[in-house]
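Here's the structure, in structure tokens; my notes come after.
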Amino acid sequence: MTERDHPRYMISVAAELVGMHPQTLRIYESRGLIRPKRTGGNTRLYSEADLDRLRLIQRLTTELGLNLAGVERVLFLEDELQRMRARLGRLEAEMREAITQVHRQYRRELVLYEPAKHPVPRNR
């Protein structure tokens, strides 16, 4: 878990930081747009990443005029893009490691060719 994913803000603080009403955050959670962590006592805690997501929702609804169905689709695509980027990064790392292994292998198997110093007589 990164520092940005660490849950730290209660709903009232999170709502104030993003300029929304706490009930709006509850609605977004019920729609699955945001998933705050919960304490043992079931208190919602929001991370910096959650706040960024709430700000994105706010931009999508106010600046672009999307309804919540549109916001859901955009967020789904954003999440899918993040998953694909992470997968691409893992595959790239695996590919680089495989290439390194191939290079190590052929260096072990490489035999230096040295031509003979005296011509070898041919049988006639």
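The values are calculated or read from the model by the stated rules, or taken from the named source; none is laboratory data. Just so you know, these numbers come straight off a predicted model, no measurement behind them. Cβ placement follows ideal geometry from the backbone for every residue including glycine, while neighbour counts extend to all protein chains displayed. Accessible surface is based on the protein model in full, side chains and every heavy atom, while ligands, DNA and RNA are left aside. Shrake-Rupley method; radii C 1.70, N 1.55, O 1.52, S 1.80 Å.
Here the peptides 78-88, 43-53, 12-22 are ranked by packing, the mean other Cβ count within 10 Å, and the order with the highest first is 43-53, 12-22, 78-88.
Annotation for segment 1-27 versus segment 51-114: alpha-carbon center distance of 27 Å.
First compute the accessible area of the chain with a 1.4 Å probe, then give the percent of it belonging to carbon and sulfur atoms.
Values: 5370 of 9800 Å².
Accessible surface attributable to carbon and sulfur in the chain totals 55 percent.
Given the -39500 (n - 2.57) contribution per DSSP H run of 4+ residues, what per-residue ellipticity at 222 nm results for the chain, rounded to the nearest 500 deg cm²/dmol? Before the final figure, lay out the partial values.
Numbers: 4 runs with 74 residues, N = 124.
So the calculated ellipticity at 222 nm is -20500 deg cm²/dmol.
With the charge dipole of the chain set up from +1 on Lys and Arg Cβ and -1 on Asp and Glu Cβ about the Cα centre, the Cα lying farthest toward the positive end among the listed residues Gly32, Tyr46, Thr100 is that of Thr100. Nearest 10 degrees is fine. How inclined is helix 68-109 to the longest principal axis of the chain, computing both from alpha carbons? Roughly 20 degrees, rounded to the nearest 10. With Cα atoms as the point set, the chain shows a radius of gyration and Dmax of 28.7, 101 Å. Helix 48-62 and the long axis of the chain differ in direction by around 70°, with both axes built from C-alpha atoms. About its Cα centre, the chain has a charge dipole of approximately 760 debye under the convention of +1 per Lys or Arg Cβ and -1 per Asp or Glu Cβ, with nothing else charged. Kirkwood analysis of segment 1-68, using all unique Cα-Cα pairs, places the hydrodynamic radius at 12.1 Å.
Taking all protein chains into account, the per residue accessible area for the chain stands at 79 Å² (1.4 Å probe).
Between Met10 and Tyr46, the built amide H atoms are under 5 Å apart, and every one of these is 5 or more places off in sequence or on another chain.
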